[in-house]
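The values are calculated or read from the model by the stated rules, or taken from the named source; none is laboratory data. From a predicted model like this one, the values you see are computed outputs, not experimental measurements. Positions of Cβ are backbone-derived with ideal geometry, glycine not excepted, and every protein chain shown enters the neighbour counts. The protein model used for the area step is the full one, side chains on, heavy atoms only, and it has no ligands, DNA or RNA in it. Shrake-Rupley method; radii C 1.70, N 1.55, O 1.52, S 1.80 Å.
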Amino acid sequence: MIKHCFMLAVVLIGSMIASADQFVFTSEEPIDLTAPPSAAVCHFLQEDFSLFREAVVQNGKAVLLPGELPVGWYKVDFLNAEGKLLDWTSIAVLIPLLKRPSPQTPVAIDVALSWVPPPGEASWRSVALMAALAGVSMVRDRILWRDLQPEPGPLVAYTKYDDTSVIQKDAGLDILQVFHDVPYWMLGYPQGKRHIPEDLRLVWRFCREASARYKDTVQAWQPWNEGNTRTFGGHSTDELASHQKAAFFGFKNGNPEATVCWGPYAGVVSEAQYKTISLNHAGAYCDVYSMHSYDWHFDYPRLRKWVFEAAGGKPVWVSESDRGMKSDPESELGDLTWPYEKLKASFVVQSVASSLASGVARHFHFVLPWYMEQNNTVQFGLLRKDGSPRMGYVAYAAAGRLLADAHYLGQWKDASHSTLFAFAFRSKPHGESRDVLVAWAEERNEWKDRGNESVPLHLPDGLNVESAWDFLGRPLPSVIPETATGTPVFLVFSEGALQQLALYKEPLPDRIQYEEPCPVVLQFVAPVEELQQWTANWSEEHYRTALPGKQHWELAVYNFSDHALSGSVALTELPAGWALAQSSWEVQLQPMERLVLPLKAEIAADGLPEQEEPFRLVFRGDFGAGQEAHLAVAFRPPAEKTGGEQ
């Protein structure tokens, strides 16, 4: 088991990063590269692949003194004495982090440390340290429930997650942790590893034990990942809401200081999903509403409307975000073509700036290590296969520094140029409070047509630029550029200077005053085979289904408190043409009891008319002293009845 290093993160970063991965340096460090056998010379190429510097290889090393390579990204070619290319890699030269961003800084990254990088301490430390050098304070990881509890009973004494969590802490990183599986021994519906268990007490116990175990290393939790998709269980919204509530109480019981996030959905949250989430009062059972986004940055405000409605004024974290890019089909390592390399680097800056401008409190780029999907044709990683940085890593490190602890001020718009994006922030580049404007110009295009736009950047007179930086964090002349292009620039002004701009800020929904979370949780129980997929805005949703006639369902009532509770549960909303044999119950619950009530329903022949809005059963529990339990279950007719997608 790996032990804590007990040293300051800054000391660790400064002393170990070069020896850990040999790919990321600061401008104050010497460049010391190990060359392949037979290499005689080393060429350092800039992002336009022009030769910037040459170094002779001596004793298997290519060494440059501090300052000989300015800040930036470099392709490194190793050549033999005859000038033949033997191999190549890439390196990053970054501005030193004079002061670490605070734990609240909004620029974050998904490292997937326990999942994606090659297993082992050296690999894990390298990725964690590269995340820290990028200027982030929080990273996202993964655990598997089945690894921690392979058999019924207590969690196992040791897993790799004990090592990876310590490594990330030693790098000065907070962790957002997520799980999305169940152990093989756990019987539920169906008997698969990707569907939440029927008995939510199992969820409560696992979340309690996990949050207590990792209370010193894991600051935030998500109780499931993209549960609305078939890939991760194909759950209905009511299933995920009840699961969220049980997990919330488990996490808080194990570590009252833990931040509990809403289990993020994949795709665009629809109005129908929002309504069901709202009717379940699920917002009371999370500290942060989290979501995932793989959309173009210019669509963030439009596509996130119902996310912010569902959040009800609570902070929103985008815990995965990117736009998949096809790798070079001629690259066996999944590298990008050189034009796409620069486009992706520009996009990661555009994405984080636009995301924060949309109202998001924290933005996690997906993903730091090398990672491919769609039969190894789409690349997501900001690192190459050998762990060296892509251009996008250097761009994200620029955002991590220049948008450290950023607070969004508003957007400056030029009515004559709709393709201009200029977002103003109050942040702490290099540890000092400043106003920062991130600006670029881009059409609403796909990858192949991006990077060609150029418009005038006519900011009002009287603004004095303190410093300017390009998308790779390289210094520019301290003036306002005449044009904005597809590659973003960061313009730094004195604190308060941008207040003279006419800044527009999209209003967010009013804050919802949620009631205190109720320890009584309601759960609808029916065969999972009766769930079906519904596609809206290319996003997956799953709904309960029913046919006219008699139905036999169950309503489970849990008590997740440490004392007995009594009260009533009643049906408050029933679709026309539906009838329940019993619609109210008096219940008494012992601590951790699960009481199952039969739900016998009958649906008339005309009780499932074709309509866009789903049908809903809504229940409310009253347990005194303002303790209310809520459950809303959304139905749609089976696909064979409606002709819809299943």
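Please go through region 50-69 and pick out each residue that is polar (S, T, N, Q) and either open to solvent by 70 Å² or more (accessible area, probe 1.4 Å) or at positive phi (or both). Within region 50-69, Q58, N59 meet the criteria.
For region 490-525, filtered to residues that are of a type outside the set (G, A, S) and in a helix (DSSP H, G or I), the residue that is surrounded by the most Cβ atoms within 10 Å (Cβ to Cβ) is L498. Contact map, region 526-549: residues that are under 16 Å from I603 (Cα atoms) paired with residues that are among the hydroxyl-bearing types (S, T, Y), Cβ distance under 7 Å, separation 6+ or inter-chain. Pairs shown: E530/T545; R544/S236. Hey, does region 554-570 have a residue that's aromatic (F, W, Y), at pLDDT below 95 and either over 28 Å from the mean Cα position of the chain (by Cα) or in a loop (DSSP other than H, G, I, E, B) (or both)? No - not one qualifying residue is present in region 554-570. A search for C-beta distances below 7 Å between a residue of region 462-479 that is touching a residue at least 40 places away in the same chain (Cβ under 8 Å) and surrounded by 14 or more Cβ atoms within 10 Å (Cβ to Cβ) and any residue that is charged (D, E, K, R) and part of a loop (DSSP other than H, G, I, E, B), counting only pairs 6+ apart in sequence or on different chains, returns L472/E47.
Inspection of region 590-605 finds a residue satisfying the criterion of being in contact with a Pro (Cβ under 8 Å, 6 or more places away or on another chain) and either part of a strand (DSSP E or B) or buried (at least 17 other Cβ atoms within 10 Å of the Cβ) (or both).
Considering region 526-540, the residues that are surrounded by fewer than 16 Cβ atoms within 10 Å (Cβ to Cβ) and on the phi < 0 side of the Ramachandran plot include one that is nearest to the chain's Cα centre (by Cα), namely T535. Which members of region 68-124 meet the condition of being within 25 Å of the chain's Cα centre (by Cα), in a loop (DSSP other than H, G, I, E, B) and among the small types (G, A, S)? Correct list: S102, A112, S114, G120.
Just wondering, is there one or more residues in region 138-150 that are under 18 Å from the mean Cα position of the chain (by Cα) and open to solvent by 20 Å² or more (accessible area, probe 1.4 Å)? Checked against the condition, which is being under 18 Å from the mean Cα position of the chain (by Cα) and open to solvent by 20 Å² or more (accessible area, probe 1.4 Å), region 138-150 yields at least one hit. Do we find a residue being open to solvent by less than 10 Å² (accessible area, probe 1.4 Å), at pLDDT 95 or above and of a type in the set (S, T, N, Q) anywhere in region 250-270? No: region 250-270 contains no residue that is open to solvent by less than 10 Å² (accessible area, probe 1.4 Å), at pLDDT 95 or above and of a type in the set (S, T, N, Q). Number of residues in region 392-405 that are of a type outside the set (D, E, K, R) and surrounded by fewer than 24 Cβ atoms within 10 Å (Cβ to Cβ): the value is 0. The listed residues are L382, L333, and the only one of them that is open to solvent by 10 Å² or more (accessible area, probe 1.4 Å) and within 27 Å of S123 (Cβ to Cβ) turns out to be L333.
For every residue, the table says whether it meets (1) open to solvent by less than 40 Å² (accessible area, probe 1.4 Å); (2) part of a loop (DSSP other than H, G, I, E, B).
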| position | (1), (2) |
| --- | --- |
| Q411 | yes, no |
| S416 | no, yes |
| F423 | yes, no |
| H430 | no, no |
| D435 | yes, no |
| W440 | yes, no |
